[in-house]
Structure formats: structure tokens, C-alpha cells
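Student: Encoded as C-alpha cells, here's the structure I'll be asking about.
The values are calculated or read from the model by the stated rules, or taken from the named source; none is laboratory data. This structure is a prediction, so every number in the text was calculated from the model and none was measured. For neighbour counting, all protein chains shown are included, and Cβ atoms are generated from backbone atoms with ideal geometry for every residue, glycine included.
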């Protein structure tokens, strides 16, 4: 969820970090899993670049850039 918060780019001056974002769904195990999968798919379709807000600390930028993973392989099609 930390990467999703960065992707949404809702910066908190008070906390000096990105605000955590709620998942849609009923907060049950299965619905949370589906909501997280939907967020991951949405993030994977977007640009690989991270937009840092103005004033974001440089030392955190380099840590995030270092921790980035290679792109995920495409998900198999749904069998609906």
C-alpha cells in the first residue's frame, strides 16, 4: 500500500510522507485481495515514472528509486 500511496501522490506536509489510501471493498479477506489486485493492475498500466511532489526529500527519492522492482509479467486472462 505504500507504493499505491506514492502512485496516488497525495502528499501530507504534516506527516512528511504520502497519505495512505483506502481500498474499495468490504474489508473482508477475499474482497481486500480483489481490491488490492485491482490497484496493482491499475498501477501496472500507468507510467513507470514516479512523480515526486515539490519539496519531497531527495534522500527518500533515491531510496524509492533503488527499491523499485522490474515490471510484472502480464496477468492471465480471466476465465469468466
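Student: If you scan region 23-61, which residues turn out to be surrounded by 14 or more Cβ atoms within 10 Å (Cβ to Cβ), at pLDDT below 80 and out of contact with any helix residue (DSSP H, G or I) (no Cβ under 8 Å at 6 or more places or on another chain)?
Tutor: Answer for region 23-61, where residues must be surrounded by 14 or more Cβ atoms within 10 Å (Cβ to Cβ), at pLDDT below 80 and out of contact with any helix residue (DSSP H, G or I) (no Cβ under 8 Å at 6 or more places or on another chain): just 56.
Student: Would you confirm whether or not region 72-80 contains a residue that is at pLDDT below 80 and surrounded by 10 or more Cβ atoms within 10 Å (Cβ to Cβ)?
Tutor: Within region 72-80 (the criterion being at pLDDT below 80 and surrounded by 10 or more Cβ atoms within 10 Å (Cβ to Cβ)), the answer is yes, since at least one residue qualifies.
Student: Taking the conditions exactly as written (without any contact (Cβ under 8 Å) to a residue 40 or more places away in the chain, in a loop (DSSP other than H, G, I, E, B) and out of contact with any helix residue (DSSP H, G or I) (no Cβ under 9 Å at 6 or more places or on another chain)), does residue 20 satisfy them or not?
Tutor: Judged against the criteria, residue 20 is not a match.
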